[in-house]
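Peer 1: Below are the structure tokens for one structure; questions will follow.
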Amino acid sequence: MLAIPASSAGKKIIIDTDPGTDDAMALMLALNSPELDVRAITVVPGNVTAQQGLENALRMISLANRCDIPVAAGAQHPLFQKLITAEFWHGKNGLANIELPPSKCKVDSRFGPDLIIEMVHAAPHEITLVPIGPLTNIALALEKDPTIVPLVKEVIIMGGSITGGNVNASAEANIYNDPEAAQIVFQAGWPLTMVGLDVGDKTLFSKKYLDQLGQTHGPMNDFIYKVAHFLIDLSAQFGSNGAPMYDPLAIGVAIDASLVKAPLMHVDVESRGEFTRGETVANRHGTVERNVLHGDRYIIEGVDKVEPNAKVCVDVDADRFLQLFVSRLRGK
Ligand code: BDR
Ligand code: CA
């Protein structure tokens, strides 16, 4: 059984990631925030292949001088569909084409989902999972050991949207890239917060914040400056004056949940719709009509309650979050 040092301070989190430019920003925020104790990083394919993602995660923890954090490989592909990678958005190496030095850190030999299971059992009710990529690894952990559900403190997901997608009209990328895994994770019955695309779109890292980060220096500060610069330039090509901080916001919520407004809702993941596969379908009012068959027609006889399964972020104090982000990276 894995021992977790009793001396560690901060909320214990495991980040499951597909690094990824905004994943890089999220990791660096987490590693520089005293409220959080990053116990492990597990890698999932998404923005880049599993192999490239692992390489990127290792290089980043090396940059942060945190070889003590286990970094484990996980799934090689989504549960039931082909992998879709996003070098188009993240650069050909997934890290804005920035070449970090080779990692001093070594990969942990355990399989990511197994590492999650092991750590949750070693620290019952203490581990918060923060998946910021497709939900394949988390679903595999759940399928292998459903007893982790009541032992996980909380799950804070970057993914989904209740107002349309970025892949297409309906689906957000992390959910679209493994809808079956996402449905397993949303229905597991654990405390779950959805930090979706629509709330992330309110957190634009604009030139104002970039300039603040440009005034100070350090290996992580300078790396994130370059990543943010790449993202701001990319956003400008699509008519936006800043880069949405999707993955960093999930870390922000782990640091301080008061940054967001997140009412309870019941969320299902659509897996069959012709135009809506991968959509997170949220019931805002908590009820469904009860339609009962009478002869050749259904008659509505009342409404049935549906239990919420997620806190869905609908608003964010964007400036407070972006200031927090900059303050944590300045000079690091
Ligand atoms: C999500 O998809 C990825 O491209 C980002 O890293 C983020 O996790 C946004 O839809
Ligand atoms: Ca991501």
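Coordinate-derived values only; no laboratory data. Only a predicted model underlies this, so the values are computations on that prediction, with no experimental measurement involved. Methodologically, a virtual Cβ is constructed for each residue, glycine included, from the backbone with ideal geometry; neighbour enumeration extends over all protein chains shown.
Peer 1: Can you confirm whether segment 96-110 contains a residue that is surrounded by fewer than 19 Cβ atoms within 10 Å (Cβ to Cβ), without any contact (Cβ under 8 Å) to a residue 24 or more places away in the chain and not in a loop (DSSP other than H, G, I, E, B)?
Peer 2: Checking segment 96-110: not a single residue is surrounded by fewer than 19 Cβ atoms within 10 Å (Cβ to Cβ), without any contact (Cβ under 8 Å) to a residue 24 or more places away in the chain and not in a loop (DSSP other than H, G, I, E, B).
Peer 1: Report yes if VAL149 is away from ligand 1 (no atom under 14 Å from the Cβ) and surrounded by fewer than 19 Cβ atoms within 10 Å (Cβ to Cβ), otherwise no.
Peer 2: Yes; evaluated as a whole, the condition is true for this residue.
Peer 1: Quick check on my filter: what residues within segment 176-199 are under 21 Å from LYS261 (Cβ atoms), within 12 Å of ligand 2 (Cβ to nearest atom) and in contact (Cβ under 8 Å) with a residue 60 or more places away in the chain?
Peer 2: VAL195
Peer 1: Checking HIS217 against (1) surrounded by fewer than 20 Cβ atoms within 10 Å (Cβ to Cβ); (2) out of contact with any His (no Cβ under 7 Å at 6 or more places or on another chain); (3) assigned to a helix (DSSP H, G or I): exactly one of these is not met. Which one?
Peer 2: Only one criterion is unmet by HIS217, namely (3).
Peer 1: Another one. From the set of residues in segment 243-275 that are part of a strand (DSSP E or B), within 19 Å of GLY165 (Cα to Cα) and of a type outside the set (A, V, I, L, M), which is nearest to ligand 1 (Cβ to nearest atom)?
Peer 2: In this case the residue turns out to be PRO244.
Peer 1: Assuming ARG59 fulfils every condition listed in (1) buried (at least 22 other Cβ atoms within 10 Å of the Cβ); (2) within 15 Å of ligand 1 (Cβ to nearest atom); (3) more than 20 Å from THR128 (Cβ to Cβ) apart from one, which condition is it?
Peer 2: Every listed condition holds for ARG59 apart from (2).
Peer 1: What is the residue count in segment 294-332 for residues that are hydrophobic (A, V, I, L, M, F, W, C), touching a residue at least 40 places away in the same chain (Cβ under 8 Å) and either within 23 Å of LEU36 (Cα to Cα) or assigned to a strand (DSSP E or B) (or both)?
Peer 2: 11
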